[in-house]
1. Just give me the residues in the stretch 142-191 being of a type in the set (Val, Ile, Thr) and open to solvent by less than 20 Å² (accessible area, probe 1.4 Å), in sequence order.
2. Output the qualifying pairs, or none if there are none: Cβ atoms under 7 angstrom, residues six or more apart or on different chains, first residue in the stretch 102-128 and in contact (Cβ under 8 Å) with a residue 40 or more places away in the chain, second residue charged (D, E, K, R) and in a helix (DSSP H, G or I).
3. When you scan the stretch 192-206, do you find a residue that is open to solvent by less than 50 Å² (accessible area, probe 1.4 Å) and within 10 Å of the chain's Cα centre (by Cα), even just one?
4. Does Thr185 satisfy being assigned to a helix (DSSP H, G or I) and among the polar types (S, T, N, Q)?
5. Residues Leu207, Leu143: which one is at pLDDT below 95, within 21 Å of Val260 (Cα to Cα) and not aromatic (Phe, Trp, Tyr)?
6. Give the residues of the stretch 103-160 that are touching a Gly at 6+ places or on another chain (Cβ under 6 Å) and basic (Lys, Arg), sorted by residue number.
7. Within the stretch 86-108, count every residue that is crowded, with 17+ Cβ neighbours inside 10 Å and farther than 11 Å from Leu63 by Cβ.
8. Can Ala134 be described as of a type outside the set (S, T, N, Q), over 14 Å from the mean Cα position of the chain (by Cα) and open to solvent by 10 Å² or more (accessible area, probe 1.4 Å)?
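The values are calculated or read from the model by the stated rules, or taken from the named source; none is laboratory data. In this text, all values refer to a predicted model and were calculated from it rather than measured experimentally. FYI the Cβ positions are ideal-geometry reconstructions off the backbone, even for glycines, and counts take in every protein chain you see. Heads up: the accessible areas ignore ligands, DNA and RNA and are worked out on the full protein's heavy atoms, side chains in. Shrake-Rupley method; radii C 1.70, N 1.55, O 1.52, S 1.80 Å.
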Amino acid sequence: MHAGAASAVADALPDVQGLSVADQVSGSDRNMWDAQDPTAAMSHSISLEAAALLEPPRAGDTLTAVALKVLRQPDPSIKADWTTEASGLWRSGRIDGVSSRDDPMPPDTPARPSFVALVEPWNVPKLGRGGTLASRLAMLHSLVHIEGVAVDLAWDAVARFGRHMPREFSNDFVAVAEDEARHFTLLEERLRELGSHYGALPAHEGLWESARATAHSLPARLAIESCVHEARGLDVLPQTIARFRNGGDSATADLLLSTVYPEEVSHCMVGTKWLTWLFQHPNHTAALSGDLIVSHALSPPEATPGSDIAAVKAQSATSVRRSATPQPKARTDVPAAALPGVPQTAPAEAAEPNSNGGAKGSDLSPLQFDTVQSWFQALVKTYFQGNLKGPFNEEARSRAGFDPTWYESLVADGRAISG
């Protein structure tokens with residue numbers, strides 16, 4: 001089922017894992033969402049607010065409203081279709097505002113389809129090395145699931161933090177969401193071509209657990225999701241591509257090499273770009289430590305080598321290594337107070353130190369660090385369990401502005417691999 005079939009309010013939704021329209025009905029009516037036949041819910045009278053969530057993105061929506069629609073949509077194919085539609089509307093100006101005062105915060109967990117069994121990470125079957133069809137299907141299924149979750153991660157960043165940030169922040173994460181939706185669609189189609197489907201195997205929510213742990217802090221979200229996890233994807237993709245190719249599946253290998261790999265480089269670059277911007281604007285970062293609504297936007301980051309998404313994506317997966325990210329601007333003695341005109345609220349509860357001895361979240365003001373790299377390292381020690389593990393794809397990481405000076409002090413095994 002795709003966006004065209006889902007445009008009518010009367011269309012039935014599958015039972016979902018996570019937040020959905022079913023969460024908005026009363027307990028006495030909840031059983032009709034658990035029926036084997038999803039059309040049993042069609043006779044249920046739902047609120048206008050719930051009905052609006054069943055509608056695809058449309059001109060005149062705020063970008064945050066669109067993000068909420070995608071996050072509350074359980075069907076991953078419709079999520080991808082709506083993402084493509086929304087990005088076109090945003091680029092054309094038919095969706096113009098980032099948010100309004102009426103836009104709520106996003107759900108803690110996006111809607112999930114019932115046909116994908118979610119289990120603990122250690123209960124997901126081993127993927128193998130691609131030597132058999134079953135192993136390659138498991139690898140491909142895992143990639144499909146990761147890309148689907150990545151769509152939600154990008155929209156959650158827009159809905160949760162876009163209203164606090166310069167407009168270019170939303171531009172970047174809409175572009176990331178569009179890429180991830182395209183990756184999901186292409187890989188899911190390839191999975192079907194090979195005789196399987198999304199949901200044939202269980203999956204886990206490890207990526208979303210990280211998102212939930214960093215929901216209160218944009219610096220933490222950028223450090224963990226956009227830098228650590230995206231960069232880890234760059235580390236493992238060359239080996240994944242080789243396993244598909246060595247197993248005789250050149251079509252999947254070519255898809256990953258020509259489309260997914262170069263675009264994932266740009267997604268990691270978004271993390272380093274905006275973490276550097278926050279480091280250079282400590283007052284803005286202080287405001288983001290709580291649930292504050294910023295009523296005005298600051299200027300976007302200055303252009304730096306590697307900071308343009310389109311330019312990064314235009315490079316092939318084997319392009320030459322870029323130079324390291326320029327050094328951040330010199331620090332200024334700006335008090336770590338909330339932004340002018342921003343209502344004061346209690347700061348978010350500080351994160352407890354992890355096993356690496358990281359500082360509490362309240363101690364992570366960028367004013368306490370000399371470089372963005374040292375700030376990033378403190379964020380990782382606080383919000384990421386364990387050490388970063390190599391080998392690292394230094395060529396691809398550096399093209400994303402994420403050279404070894406960012407992570408070498410956090411490394412358990414620093415062996416580099418070729419891109």
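1. Once the filter is applied, which keeps residues that are of a type in the set (Val, Ile, Thr) and open to solvent by less than 20 Å² (accessible area, probe 1.4 Å), the stretch 142-191 yields Val144, Val149, Val151, Val158, Val174, Val176.
2. From residues that are in contact (Cβ under 8 Å) with a residue 40 or more places away in the chain, the pairs are Met105/Arg160; Pro106/Asp156; Pro106/Arg160; Asp108/Arg212; Pro110/Asp152.
3. no
4. Details: assigned to a helix (DSSP H, G or I): yes; among the polar types (S, T, N, Q): yes.
Answer is yes for this residue.
5. On the way: Leu143 fails: at pLDDT below 95.
So the residue among Leu207, Leu143 that is at pLDDT below 95, within 21 Å of Val260 (Cα to Cα) and not aromatic (Phe, Trp, Tyr) is Leu207.
6. Once the filter is applied, which keeps residues that are touching a Gly at 6+ places or on another chain (Cβ under 6 Å) and basic (Lys, Arg), the stretch 103-160 yields Arg112, Arg136.
7. Pass one, the stretch 86-108, residues crowded, with 17+ Cβ neighbours inside 10 Å: 86-87, 89-90, 95, 98-99, 103, 106-107.
From what's left, farther than 11 Å from Leu63 by Cβ: 106-107.
The qualifying residues number 2.
8. Values: of a type outside the set (S, T, N, Q): yes; over 14 Å from the mean Cα position of the chain (by Cα): yes; open to solvent by 10 Å² or more (accessible area, probe 1.4 Å): yes.
In short, yes.
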